[in-house]
1. In this structure, is D238 under 15 Å from M162 (Cα atoms) and among the charged types (D, E, K, R)?
2. Taking the residues in segment 242-252 that are within 16 Å of the chain's Cα centre (by Cα), of a type in the set (A, V, I, L, M) and surrounded by 21 or more Cβ atoms within 10 Å (Cβ to Cβ) as candidates, determine which candidate is modelled with the lowest pLDDT.
3. Does G196 count as open to solvent by 20 Å² or more (accessible area, probe 1.4 Å) and on the phi > 0 side of the Ramachandran plot?
4. Conditions first: (1) in contact with a helix residue (DSSP H, G or I) (Cβ under 9 Å, 6 or more places away or on another chain); (2) of a type in the set (S, T, Y); (3) surrounded by fewer than 20 Cβ atoms within 10 Å (Cβ to Cβ). T183 passes all but one, so which condition is the exception?
5. Sort out which residues of segment 161-218 are free of Cβ contacts under 8 Å to residues at least 40 places away in the same chain, assigned to a strand (DSSP E or B) and in contact with a Phe, Trp or Tyr (Cβ under 8 Å, 6 or more places away or on another chain), and write them in order of number.
6. Can you tell me how many residues in segment 219-236 are on the phi < 0 side of the Ramachandran plot and either free of Cβ contacts under 8 Å to residues at least 40 places away in the same chain or open to solvent by 20 Å² or more (accessible area, probe 1.4 Å) (or both)?
7. Restricting attention to segment 26-43, and to residues there that are assigned to a helix (DSSP H, G or I) and open to solvent by 80 Å² or more (accessible area, probe 1.4 Å), which single residue is nearest to R2 (Cα to Cα)?
8. Can you confirm whether segment 160-175 contains a residue that is open to solvent by less than 10 Å² (accessible area, probe 1.4 Å) and either acidic (D, E) or more than 18 Å from S251 (Cβ to Cβ) (or both)?
Amino acid sequence: MRVLYGQHAAELWRYAMRLTGDRVRAESVVEGTLTRAVERPRLLEQSEGAVRASLFATARDLAGRGAKHDAEHGVEDTDGEVPLSVPVLDDAVGDPPPSLLPRLLDRTDTRRRRIRTALAVVVVAAAAALVAYAITLVPVTPAGPSPDMPQGPSAPVTDQPMQPVAQYPVTGEVSVVDEGRGTRIDVVAHYQPPPGGGYGTEQSTYALVVTDHTGTPSTVASWTAAAGETVTPSGSTDLPMLWVERVDVRSVTTDQVLLTATF
């Protein structure tokens, strides 16, 4: 938000003032425009000119909605007329109010906290279901695309190594397969044997989580495993393959990401 504000707030403020002719309404338009922008991370990867064009389009839409609302509810100015947008000269516009940036940062932090709380509720519910219905997967030969299939965001991915995120005795590979109406995710997870070899006696529960390009996670499989085992969990999602942004292996107990692969 700080970067976005520094690059575009002044021009956006002048544009909003020309649209509304009113500092209060202009401030509301700028706040709504920048708040929507930070919710679209893909937009922020574009050029500065493309970002500004998108911001201006959003501002114009918000200003138009405000004018329509006033007209429908009979809001009038001091002369008894429905207020209309009036042109404002640049030298009369000034700068955005000093309180605008702190308020935007506060709104961004509040939204992030709400998302974290919602995710925590989902994780707790999923953990309760897993405790009741946990299923140990029998190791089988992993199903995946042909190894000579071309790699890329629009092609199947075969046995891509997953990167460790936490210090945890597990390694893995992931395959991503287009199934026409969705995507199948195949993982091979190798749990290091205990000291002296063999298998561990305590099992833990894990989840396979897919995150789409909007940042929304979804659990597609779960399993239990002990030290020394190799398991091959597989899950399907309705997401098209091009929308799969990341695949994680997580501990259900702590919700900690253990392994991850980004596409």
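1. No; evaluated as a whole, the condition is false for this residue.
2. Selected residue: V244.
3. yes
4. Failed condition: (3).
5. D212
6. So the answer is 11.
7. Only one residue fits best here, namely R36.
8. Scanning segment 160-175, I find at least one residue that is open to solvent by less than 10 Å² (accessible area, probe 1.4 Å) and either acidic (D, E) or more than 18 Å from S251 (Cβ to Cβ) (or both), so the answer is yes.
The values are calculated or read from the model by the stated rules, or taken from the named source; none is laboratory data. All figures in this text were calculated on a predicted structure; none of them were measured in a lab. Every residue, glycine among them, receives a Cβ derived from its backbone with ideal geometry; neighbour counts consider all protein chains shown. Quick note on the areas: whole protein, heavy atoms, side chains included, nothing else; ligands and nucleic acids left out. Shrake-Rupley method; radii C 1.70, N 1.55, O 1.52, S 1.80 Å.
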